[in-house]
1. Which of the helices in the chain meet the span-like rule: DSSP H, Cα axial reach of 15 Å or more, Kyte-Doolittle mean at least -1.0?
2. Segment 10-65: percent of C-alpha pairs farther apart than 19 Å?
3. Just tell me which lysines come within less than 25 Å, Cα to Cα, of residue 56; anything on the same chain fewer than 8 places away is out.
4. May I ask you to derive the FRET efficiency for residue 17 and residue 52 from their Cβ-Cβ distance with R0 = 35 Å, giving the value to the nearest 0.05?
5. Near residue 49, which lysines are there with a Cα under 20 Å away, not counting those fewer than 8 places off in the same chain?
6. Counting Lys and Arg as +1 and Asp and Glu as -1, each charge on the Cβ, what is the dipole of segment 10-65 about the Cα centre in debye, to the nearest 20?
7. Which whole-angstrom value gives the distance between the alpha carbon centres of segment 14-34 and segment 49-64?
8. For segment 11-78, which trypsin sites (Lys or Arg not before Pro) are in a loop by DSSP, counting at most 14 other Cβ atoms within 10 Å?
Amino acid sequence: MSALSLRLPGSIHRHIREIARNEGVSINQFVSSAVSEKISAIMTENYLKSRAKKAKKSDLKKILDTVPKRKPILGDEL
């Protein structure tokens, strides 16, 4: 485990303290979890972008052509 010194505006620190208390975790646990979630989101976005670059519209069309033709469920028609 490593230490990280971090300066935050007071308002953000207050929000973190309050949320961590409400969640029943330490500020360190909360910040670690929040950073982990952000890393995961960025890595997922990068992965999807790299996969999208390899995609071919013709392949998507083939897949969509296999979807049955039917009326949308009420509320999904837009």
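All of the numbers you see were taken from the coordinates with simple rules; none came from a lab. Keep in mind it's a predicted model, so treat the numbers as computed, not measured. Glycine also receives a Cβ, built like all others from the backbone with ideal geometry; neighbour counts cover every protein chain displayed.
1. Correct list, ordered by number: 27-54.
2. 54 percent
3. 69
4. 0.35
5. Excluding near neighbours in sequence, the set is 38, 57, 61.
6. Dipole magnitude for segment 10-65 comes out near 460 debye.
7. Using only Cα atoms, the two centres lie 41 Å from each other.
8. 56, 69, 70
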